[in-house]
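The values are calculated or read from the model by the stated rules, or taken from the named source; none is laboratory data. If you're wondering where the values come from, they're calculated on a predicted model, not measured in any experiment. Quick reminder, even Gly has a Cβ in these numbers, built from the backbone with ideal geometry, and neighbours come from all protein chains shown.
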Amino acid sequence: MAEEVREYPEPRFYTREFKVEAVRLSERSEKTVAQIARDLGMPERVLYRWRHELREQQEQAFPGKGYQSELEEENRRLKHELELLKEEREILKKLGRQSRLEQLLL
């Protein structure tokens, strides 16, 4: 018997409202989570992940790009700071090489 191959569209970005409504539908409907996921055109595991995230994080679930948890915000800030420090280090390396060359020429 041939395996059933399911193709899903390219990953899409869903609004918080859509995710919350999909989770509510999956919890209140008589349909299975698998059927609801198929109806919405997404993998079943995505809907299960949304259910888990909403149950665990409640109001903080699905923050999107506008709201970030404290940990995500700190991570973003530290990555930015790391990039600045790398740039500064490269500048200092170049200056160090340049000053050594100048000393050799004198």
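Is it the case that residue 14 is surrounded by 14 or more Cβ atoms within 10 Å (Cβ to Cβ) and modelled with pLDDT of 90 or more? If you could, list the steps in order and put the result at the bottom.
Details: surrounded by 14 or more Cβ atoms within 10 Å (Cβ to Cβ): yes; modelled with pLDDT of 90 or more: no.
So residue 14 fails the test.
Set side by side, the residues 45, 76, 28, 24 differ, and just one is surrounded by fewer than 10 Cβ atoms within 10 Å (Cβ to Cβ) and modelled with pLDDT of 85 or more, which is 28.
Every condition in (1) over 22 Å from residue 13 (Cβ atoms); (2) of a type outside the set (Gly, Ala, Ser); (3) touching a residue at least 12 places away in the same chain (Cβ under 8 Å) is met by residue 51 except one, and the failing one is (1). Of the residues in segment 37-46, at least one is within 19 Å of the chain's Cα centre (by Cα) and of a type in the set (A, V, I, L, M).
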